[in-house]
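Have a look at the structure below before the remarks.
Rule-based calculations on the coordinates, nothing more; no lab input. Please read all numbers here as calculations on a predicted model, not as lab measurements. Here the Cβ is made from the backbone with ideal geometry for all residues, glycine too, and neighbour counts use every protein chain on show.
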Amino acid sequence: MGLFSKFDGLASSRLELDALGINPFDVKIDKIISPTEGIIEGRHTILAGTNNYLGLTFHPDSIAAARTALEHEGTGTTGSRMANGSYSGHRLLELELAAFHNKRDAIVFSTGYQANLGMLSALAGPDDVVLLDADCHASIYDGCRMGGAETIRFRHNNAEDLAKRLRRLGDRATNTLIVVEGIYSMLGDRAPLKEIVDVKREYGGYLMVDEAHSMGVLGERGCGLLEELGLLADADFIVGTFSKSLGGAGGYCVSDHPELNLIRYASRPYIFTASPAPAMIASTRQSLRTLEKSPHLRQRLHDNAVQLHTGLSNLGYTLGAPPSPVVAVVVEGKVEALQFWQKLLHLGVYVNLMLPPATPNGVSLIRCSVSAAHTPTQIDAVIAAFAKLRHA
Ligand code: PMP
């Protein structure tokens with residue numbers, strides 16, 4: 001076995017794609033025009049495959065905040081907060097995120113991936129048990145693996161299965177960490193959080209909710225699914241990212257547990273990496289302010305999601321879930337999905353192609369993500385492209 005022989009499978013899948021003349025995993029956006037438009041392969045294209053849920057990437061206030069930070073604090077921090085110190089913005093953003101979620105404190109990480117990696121690897125060690133929803137994001141699985149905890153999956157969105165597994169754990173149930181997401185990234189379906197919280201109340205344990213795709217999207221103030229269901233106080237840890245509704249890059253965890261601060265001293269993905277650049281912190285702080293005072297953006301996002309969902313289901317497509325900013329179309333067969341994705345691109349619509357094993361239950365998905373910045377006309381154009389392919 002040579003060092004590179006592990007890539008043989010990958011190499012042959014790549015060749016298959018090359019033979020089809022498609023590489024959906026290497027799309028070059030030659031020019032970004034706005035949160036919802038770009039130039040791809042020389043064509044004006046509607047971007048419906050971003051996670052730019054509120055369309056804040058071009059918000060003038062966020063850009064101005066980033067520009068000021070860039071000029072006054074420089075391009076980067078050049079080190080980790082442990083070794084090289086925190087800038088005032090890092091801590092202010094943590095306090096703002098904690099206040100926004102009605103929680104005692106927060107830790108900011110350099111990416112959303114690292115927030116899960118950093119929290120789970122530090123919290124759940126070899127003597128601990130993590131019970132996670134089978135459809136959880138890769139960063140959650142990787143964090144569990146890094147910490148060495150015993151990891152048990154329960155059936156996706158199945159609170160009964162969760163209860164069964166907690167029952168089996170006996171006395172260990174009270175120390176178990178349960179991990180779920182708010183809106184799941186692939187199909188756009190929501191966790192049955194009320195039922196999950198009921199199970200947690202009955203058997204004990206701690207609850208972590210990753211609201212990466214629901215923060216800014218759900219809840220009266222945009223906190224996410226926990227807020228929408230009045231369950232913010234029931235989550236021990238809420239994880240989120242700056243890379244979706246907030247239009248940046250970075251991640252966080254908020255909690256009421258005073259021990260949260262100790263995680264900083266135990267979390268390798270927090271300690272051994274450079275902290276987010278000042279401009280990123282400044283634009284994120286500003287975007288959080290905008291998010292808080294812009295319920296109309298959430299409403300527009302919701303309206304756009306309903307418009308796209310209704311249009312596609314009227315065309316007879318099989319969709320992954322009720323309306324949410326993630327509208328996933330199930331396509332039979334990997335090659336068919338690849339070709340479908342390419343035809344959409346040629347019609348000037350960019351979406352995400354999701355193939356097994358990254359998808360739940362081995363389905364192939366054309367994943368659209370909706371933004372508050374899409375106009376109804378753009379959503380209609382996306383629906384029209386799908387309509388052409390329906391009858392092709
Ligand atoms: N959690 C979930 C549920 C996600 O979908 C993602 C990314 N898509 C992440 C965490 C990681 O976030 P980031 O891309 O900001 O690192």
Q | Candidate lysines for bridging to Lys334, where Cα separation is under 19 Å - those fewer than 8 sequence places away on the same chain excluded | A | Lys343
Q. How far, in nm, would the chain grow between Ile29 and Thr318 when pulled straight, counting 0.36 nm per residue and subtracting the alpha carbon separation?
A. 101.2 nm
Q. How are the C-alpha pair distances of region 58-292 spread across 5 Å bins, as whole percents from the shortest bin up?
A. 1, 7, 15, 19, 20, 16, 11, 6, 3, 1, 0, 0
Q: Take the Cα atoms of the chain, find their three principal axes, and give me the spread along each one in whole Å, biggest first.
A: 58, 54, 52
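What is the extension gain from Ala266 to Asp303, computed as 0.36 nm multiplied by their sequence separation minus the C-alpha to C-alpha distance, in nm to one decimal?
Extra length available between Ala266 and Asp303 comes to 9.0 nm.
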Q. Taking every DSSP beta bridge that has both residues in region 181-282, what percent is antiparallel when rounded to the nearest 5?
A. 60
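Compute the FRET efficiency between Arg43 and Ile152 as 1/(1 + (r/R0)^6), taking r as their Cβ-Cβ distance and R0 = 35 Å, and round to the nearest 0.05.
0.15
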(Q) Please compute the modelled spin-label separation between Glu332 and Leu3, points set 7 Å along Cα→Cβ, answer in nm with one decimal. (A) 4.6
Q: Please identify every one of the GluC sites (Glu not before Pro) in region 220-296 that sits in a loop by DSSP and has no more than 13 other beta carbons within 10 Å of its own beta carbon.
A: Glu220, Glu259
Q. So for the chain: antiparallel DSSP bridges make up what percent, rounded to the nearest 5?
A. 60
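How large is Rg/Rh for region 261-317, to two decimals, with Cα atoms and a Kirkwood Rh?
Here the Rg-to-Rh quotient is 1.28.
Percent antiparallel among DSSP beta bridges with both residues in region 58-292, to the nearest 5?
Working: 11 of 27 bridges.
Restricted to region 58-292, the bridges split so that about 40 percent are antiparallel.
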**Q.** Proximal lysines relative to Lys244, as straight alpha-carbon distance under 24 Å, when same-chain residues fewer than 8 apart are discounted
**A.** Lys28, Lys31, Lys103, Lys293
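Which translational diffusion coefficient, to the nearest whole µm²/s, is obtained for region 1-41 from the Stokes-Einstein equation, given a Kirkwood hydrodynamic radius over C-alpha pairs, 37 °C and 0.692 mPa s?
Numbers: Rh = 12.7 Å.
In µm²/s, the coefficient is 259.
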Q: Show that you can apply the helix-only estimate: for the chain, add -39,500 (n - 2.57) for every DSSP H stretch of four or more residues, divide by all residues, and state [θ] at 222 nm to the nearest 500.
A: -13000 deg cm²/dmol
Q. Can you pull out the chymotrypsin sites (Phe, Trp or Tyr not before Pro) in region 249-312 that DSSP calls coil and that have at most 12 other Cβ atoms within 10 Å?
A. Phe272
Q) So how far apart, in nm, are the two label points at Ser12 and Asn84 if each is 7 Å from Cα heading toward Cβ? A) 4.5
(Q) Whole-Hz ³J(HN,Hα) for each residue in region 320-333, computed from phi via Karplus 6.51 cos²θ - 1.76 cosθ + 1.60 with θ = phi - 60°, x for glycine and proline: what do you get? (A) x, 6, x, x, 7, x, 9, 10, 9, 9, 7, 10, 6, x
Q) Among the lysines, which fall within straight-line cross-link reach of Lys164, defined as a Cα-Cα distance under 26 Å, with same-chain neighbours fewer than 8 residues apart omitted? A) Lys194, Lys200
Q.
Quick query: amide H of Asp210 versus all other amide H atoms, modeled in the peptide plane; which residues come in under 5 Å with a sequence gap of 5 or more or a different chain?
A. Val180, Glu181, Gly182, Val239
Q. Got a sec? Which residues in region 248-268 would a label at Ala99 touch, if it sits 7 Å along Cα→Cβ and we count backbone N under 13 Å?
A. none
